[in-house]
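*Asks:* Handing you a structure now.
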Amino acid sequence: MLTLAIESSCDDTAAAVVDTGLRRVLSNSISSQNEVHTPFGGIVPELASRRHIEAVQPVVSRALHEAGVTLDDIELIAATQGPGLVGSLLVGFTFAKALALVRGLPCVGVDHLAGHLLSCLLEEEMPEFPYTALIVSGGTTALFRVDSPTSFTRLGRTRDDAAGEAFDKVAKMLGLGYPGGPIIAELADKGNAKAFQFPRAWLDKTSLDFSFSGLKTAVRNAVEAAAQEGMVPIHDICASFQEAVVEVLVHKTIAAARANRHEQVVLGGGVAANACLRSRMQAECERAGIRFFLPSPIFCTDNAAMIALAGYHAYLAGNLAGPDSDAYSRSPLH
Ligand code: KG4
């Protein structure tokens, strides 16, 4: 089923055309807003929605053009309905509903997290159901069991900051710019991960929840103490911080897979681009006899191809959006 999807939950405007039945991505177009938000060290919601308004039509046209199709070929329209910044979501979702209405096409509202949970199915080599998935991004850090393309059960989530948010805040603390994750990862490469013993929040023994606020405070204290001595060892701080985040993410993911007797683990979300997290997860999965699936970087960050696939399954399940359907900021899955 030829599906046109739009994603505008945060700061990227994305559109994709996917032959969803065949899992073939014909185009996957993204317009980034990084240069708009970088001077502020984080996303400014009002600026994000204004930029989505400018970008949505050109990005959709580009996705259709790159796929070599026209609107006449499209059979289903999907758009992210939530969670995210409501002003941003409303741009993409309203555009999709209006387009569907005008063209007489079915329209589905997609949960952004469902997109991340299914993004590994866009790859040639994909897991079978059920599997354990860790979604780790700027807005989410959560573990799920995925039983089917429409059945997701949350096993644990962050009680405060998302891991990506912690990366961004630590980068801001160190004056490194936004988004902080890639910059910290690069600096960490040249640092000693054992230089600082930052805290790991394991929480209750069997808890699959996460917490990164204590870690963030510990980093702030270390930075302030080092600044008073006249020299902040940025590389070592980045490496030790990254180590603390990765250790907890990997440990809890393997524990979740074991508790659910899952033989497959899937990683998704923007922080999945982190090389240390990827290699550590791979190594620990191998050690535990678990198969590890990692979508290509383009399907890990916010993208519309995953929204097309999740939208197709929502459509098959009969979950259609009407003209009155509204965007939501918090996910029922979250
Ligand atoms: O999924 P995503 O593209 O957007 C949303 O959060 O919606 O994820 C962006 C997040 C940012 O917090 C960014 O700092 C983080 O992913 N990130 C990374 C890396 N690349 C992006 N964090 C750690 N290491 C990276 N290499």
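*Asks:* Relative to the present Cα-Cα distance, how much length would full extension add between LEU101 and ARG220 at 0.36 nm per residue of separation? The partial results should precede the final answer.
*Replies:* On the way: separation 119, 0.36 × 119 = 42.84 nm, distance 5.10 nm.
Between LEU101 and ARG220, full extension yields an extra 37.7 nm.
*Asks:* On to the next question. Note the full-extension length gain between ASN260 and SER279 as 0.36 nm times their separation in residues minus their Cα-Cα distance, in nm to one decimal.
*Replies:* So the chain would gain 4.6 nm between ASN260 and SER279.
*Asks:* Also, quick follow-up: By how many nm would the segment from ALA195 to HIS235 lengthen if fully extended, with 0.36 nm per residue of separation less the alpha-carbon distance?
*Replies:* Working: separation 40, 0.36 × 40 = 14.40 nm, distance 0.97 nm.
Length gained, ALA195 through HIS235: 13.4 nm.
*Asks:* May I ask you to derive the relative contact order of the range 85-213, considering only C-alpha pairs under 8 Å and at least 6 residues apart, and to give it as an integer percent?
*Replies:* About 18 percent, as a whole number.
*Asks:* Rank by packing, highest mean first: peptides 223-233, 299-309, 86-96, 149-159, with packing defined as the count of other Cβ atoms within 10 Å averaged across residues.
*Replies:* In decreasing order of mean packing, 223-233, 299-309, 86-96, 149-159 become 299-309, 86-96, 149-159, 223-233.
*Asks:* Moving on. Taking the C-alpha atoms of the range 141-191, how large are the radius of gyration and the largest Cα-Cα span, Dmax, in Å?
*Replies:* 15.1, 43
*Asks:* Let me know the Kirkwood hydrodynamic radius for the range 191-280, please, with Cα pairs as the basis and the value in Å to one decimal.
*Replies:* Final number for the Kirkwood radius of the range 191-280 is 14.5 Å.
*Asks:* Name the long-range amide H neighbours of ALA321: under 5 Å, sequence gap of 5 or more, or other chain; modelled H, no Pro or chain starts.
*Replies:* Here the answer is CYS107, VAL108, GLY109, since their amide H atoms fall under 5 Å of that of ALA321.
*Asks:* Out of residues 5 or more away from GLN81 or on other chains, whose amide H comes under 5 Å of its own, with H placed 1.01 Å from N in the peptide plane?
*Replies:* Amide H neighbours of GLN81, under 5 Å, 5+ apart: VAL110, ASP111, HIS112.
*Asks:* If you average 1/r over every pair of different alpha-carbon atoms in the range 106-179 and take one over that average, what Kirkwood value in Å do you get?
*Replies:* The Cα-based Kirkwood calculation yields 14.0 Å.
*Asks:* Roughly how large, in nm² to one decimal, is the mean projection of the convex hull of the alpha-carbon atoms in the chain?
*Replies:* 16.3
*Asks:* Give the Cα extents of the range 73-220 along the principal axes, in whole Å, largest first.
*Replies:* 60, 35, 29
*Asks:* I would also like to ask the following. For the range 1-99, which semi-axes, largest first and in whole Å, follow from the square roots of 5 times the eigenvalues of its Cα gyration tensor?
*Replies:* 25, 13, 11
*Asks:* Right, another one. Treat every Asp and Glu Cβ in the range 234-315 as -1 and every Lys and Arg Cβ as +1, leave all other atoms uncharged, and give the resulting dipole magnitude about the Cα centre to the nearest 20 debye.
*Replies:* 280
*Asks:* Taking the Cα-to-Cβ direction at GLU123 and at ASP72 and moving 7 Å from each Cα, how far apart do the two end points lie in nm?
*Replies:* According to this spin-label approximation, the distance is 3.8 nm.
*Asks:* Take every Cα pair under 8 Å in the chain that's 6+ residues apart, average their separations, divide by the length, and report that relative contact order as a whole percent.
*Replies:* Result for the chain is 25 percent.
*Asks:* Efficiency by 1/(1 + (r/R0)^6): what FRET value for ASP204 and GLU286, r their Cβ-Cβ distance, R0 = 25 Å, to the nearest 0.05?
*Replies:* The calculated FRET efficiency here is 0.35.
*Asks:* Considering just Cα atoms, how many Å³ per residue does the convex hull of the range 47-101 enclose?
*Replies:* 79
*Asks:* So, counting K/R as plus one and D/E as minus one, what does the shell of residues with Cβ under 10 Å around ALA16 add up to?
*Replies:* That sum, taken over residues with Cβ under 10 Å, equals -2.
*Asks:* Could you size up the charge dipole of the chain around its Cα centre, putting +1 on the beta carbon of Lys and Arg and -1 on that of Asp and Glu, and report it in debye to the nearest 20?
*Replies:* 720
*Asks:* If you scale each eigenvalue of the Cα gyration tensor by 5 and take the root, what three semi-axes come out for the range 172-221, rounded to whole angstrom and sorted largest first?
*Replies:* Over the Cα atoms of the range 172-221, the semi-axes work out to 23, 13, 11 Å.
*Asks:* What per residue convex hull volume, in Å³, do the alpha-carbon atoms of the range 203-334 yield?
*Replies:* Cα-based convex hull of the range 203-334, divided per residue, equals 175 Å³.
All of the numbers you see were taken from the coordinates with simple rules; none came from a lab. Remember, it's a predicted structure, so these values are computed and weren't measured experimentally. A quick note on method: Cβ atoms are made from the backbone with ideal geometry, for glycine too, and the neighbour counts reach across all protein chains shown.
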